[in-house]
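See below for the structure under consideration.
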Amino acid sequence: MPVWLTTASMLVLSNLFMTYAWYGHLKTLESKPWYIAALISWCIALGEYMIQVPANRIGYTKLSLGELKIMQEAITLLVFIPFSIFFMHQSFKLDYVWAGLCIVGAVFFIFRGG
């Protein structure tokens, strides 16, 4: 598997953990005190870091730091939008499309090799 695909796959998985750790408690732990939500989120975030750190190390063997960062931001948006709509039951906003287009532009410029 190419390095960029291995890295992207691992970053998608780590982003699932990260997004849930950051925002999932707003739905699933809303009745618990904030410090309980923080402790549980930290445990979930540990799972994210256990995937994200090796992903970035693998990616950095062939990708630049800027490429890794923009890849991460694009993946974050790709994970966050379905999470917010399907898990958090937020409405779809056209702003998601505009934000996505901005990220696509960033991906183009960082990976064009210029």
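Descriptive notes on the structure:
- The chain shape via C-alpha gyration tensor axes, a/c threshold 1.5: oblate
- Whole-number accessible area per residue in Å² for the chain, which is evaluated in the context of all protein chains at 1.4 Å: 67
- Peptides 100-112, 68-80, 6-18 ordered by packing proxy, namely the average of other Cβ atoms within 10 Å per residue, highest first: 6-18, 68-80, 100-112.
- Our helix-only sum for the chain, with -39,500 (n - 2.57) per DSSP H run of n ≥ 4 divided by its residues, gives a mean residue ellipticity at 222 nm of -24500 deg cm²/dmol.
- Relative contact order (%) - the chain, alpha-carbon pairs under 8 angstrom, separation at least six: 35
- Taking a ≥ b ≥ c as the square roots of the Cα gyration tensor eigenvalues, segment 33-76 comes out prolate, since a/c reaches at least 1.5 and a/b is larger than b/c.
- Each part reduced to its alpha carbon centroid, segment 63-81 and segment 92-114 end up 10 Å apart.
- Heavy-atom accessible surface of the chain: percent carbon and sulfur, 1.4 Å: 73
- At an R0 of 25 angstrom, the distance between the Cβ atoms of residue 91 and residue 57 translates into a FRET efficiency of 0.05.
The values are calculated or read from the model by the stated rules, or taken from the named source; none is laboratory data. Treat the numbers as computed from the prediction; the structure is a model and nothing was measured. Cβ: placed from backbone, ideal geometry, glycine included. Neighbour counts: every protein chain shown. Each accessible area value is taken on the protein alone, full model and side chains, heavy atoms only, with ligands, DNA and RNA left out. Shrake-Rupley method; radii C 1.70, N 1.55, O 1.52, S 1.80 Å.
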